[in-house]
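Coordinate-derived values only; no laboratory data. Remember, predicted model here, so these are calculated numbers, not experimental data. As a convention, Cβ positions derive from the backbone with ideal geometry for all residues, glycine included, and neighbour counts pool all protein chains shown.
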Amino acid sequence: MTQLLPDVANLWQSFRQQMPVSRRWAYFDHAAVAPLPERTRAAVTRWADQAATEGDTVWPSWSKRVERCRALAARLIHAEPAEIALVHSTTEGITLVAEGYPWQPGDNVVTLDNEFPSNQYPWLNLASRGVETRRVPAVDGRVDLDHLADACDARTRIVTVSWVGYASGYRVNLDEVAELAHRKGALLFVDAIQGLGVFPLDVQKTPIDFLAADGHKWLLGPEGVGLFYLRAEHLDRLRPIGVGWHSVVHASDYARIELSLKPSAARYEGGTQNMVGFIGLAESLELLAEHGPEQIGPRVLEITDLACSKLTAAGATILSDRTGEHRSGIVSFELPGQVALEVKQRILAAGVVTSARAGKLRIAPHAYNDAADLDRLVAAL
């Protein structure tokens, strides 16, 4: 049976010590909502104390931490800070493109039929404007790029896919998808929520056009904060929506009404930001940066490979594609003759946190999880 290398496992003890959840739970639900690191909790608590005792006298220091979050997000994907907008959710990032793109009747979007709802509804909502959404079947959760290409034609404007499938755990090769989209004359939108923070991504080398991700999953941040990336060359292609006081270059001059939009993705941040959320996310991004996706990715794959070995030995059927680069931090499986939701509730009582998606059990361990957590999972099952 696959084993974690002891010397490698020891490297992650400091990470695990930053995760208070590990003291009580074997937590395998990072693909849903991640627990906060200790340093993130401290930052959020500090903000609350300051907000209660000092009001907005410390607002400038909060603003600096928010901009630190933007810089860290840009560094994570090798983008420029001006290409990053701080949004509330992946859905908001998708909507910025869906509603901001200059569509013409007869245009179409190509996506997959197993995408998370938020990467389907904003596109389907364009039907009233004469835009067709083509949903390509992903058989058993696997993505066939030939089928994706066949769905594209001269009126395809955007191809949109998830980096990692939320239910299947299937990870696509973004270089190949970008090449496909551009070869077809379309732009590529990536829902990166299930891969960002785990696997390396360099948008200077992988020519993604747009990307969005929430902070509350693999990035270990609070809910209600997310990241939106658009390649600088597309800034003026999208019609800004949600424009407000924060969208203009003279944002702090409230008496000057002049629509002079910021020459950066920050123009999409129309109103007051979720400052406490982004202050917390900045702390989580700093923690992840200390290890880096170059180390976190292999660690997560090591943990999930071991999980698959242990689960198979315990009689489970692994449903996720675990071949090569298609592996991810998500493993979908089933126990013959058992109902996923009932199993999830039963093992929760034993201190093991999982999810049930599409009638299957799903685990999503992070880099701080260890073999002892996996043993608790198998024992509970």
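Taking every alpha carbon pair in region 194-325, what does the distance histogram look like in 10 angstrom bins from 0, in percent?
10, 28, 31, 18, 8, 4, 1
Calculated FRET efficiency, LEU259 and GLU67, Cβ-Cβ r, R0 30 Å, to nearest 0.05? All intermediate terms of the calculation are to be shown ahead of the outcome.
Values: r = 23 Å, r/R0 = 0.78.
According to the calculation, E is roughly 0.80.
With point charges of +1 on the Cβ of Lys and Arg and -1 on the Cβ of Asp and Glu, referenced to the Cα centre of the chain, which listed residue (LEU301, VAL276, ALA71) lies farthest in the positive direction of the dipole?
Checked the options; the winner is VAL276.
Return the FRET efficiency for the residue pair THR317, ASP146: r is the Cβ-Cβ distance, R0 is 30 Å, and the value is rounded to the nearest 0.05.
Calculated value: 0.65.
Would you calculate the volume per residue, in Å³, of the smallest convex hull containing every Cα atom of region 10-168? Write out the running numbers ahead of the final one.
Numbers: hull volume 30.8 nm³, N = 159.
Value for region 10-168: 193 Å³ per residue.
Percent of alpha carbon pairs in region 63-116 separated by more than 17 Å? Numbers along the way, then the final one.
Details: 801 of 1431 pairs.
Every Cα pair in region 63-116 considered, those over 17 Å come to 56 percent.
Which Cα, out of ALA85, TRP59, HIS234, lies furthest along the positive dipole direction of the chain (beta carbon charges, K/R +1, D/E -1)?
Positive-end residue among those listed: TRP59.
Taking amide H positions as placed in the peptide plane 1.01 Å from N, state which residues far from ALA34 in sequence (5 or more) or on other chains have amide H under 5 Å from it.
Here LYS217 satisfy the definition.
What distance in nm separates the simple spin-label points at ARG41 and ASN125, each placed 7 Å from Cα in the Cβ direction?
3.6
How are the alpha carbon pair distances in region 137-260 distributed across 10 Å bins from zero to the largest one, expressed in percent?
With 10 Å bins starting at 0, P(r) equals 11, 35, 31, 16, 6, 1.
Return the equivalent ellipsoid semi-axes of the chain as a descending list in whole Å, where each equals the square root of 5 times an eigenvalue of the C-alpha gyration tensor. Before the final figure, lay out each step's value.
Values: eigenvalues 234, 162, 57 Å².
Working through the eigenvalues yields semi-axes of 34, 28, 17 Å.
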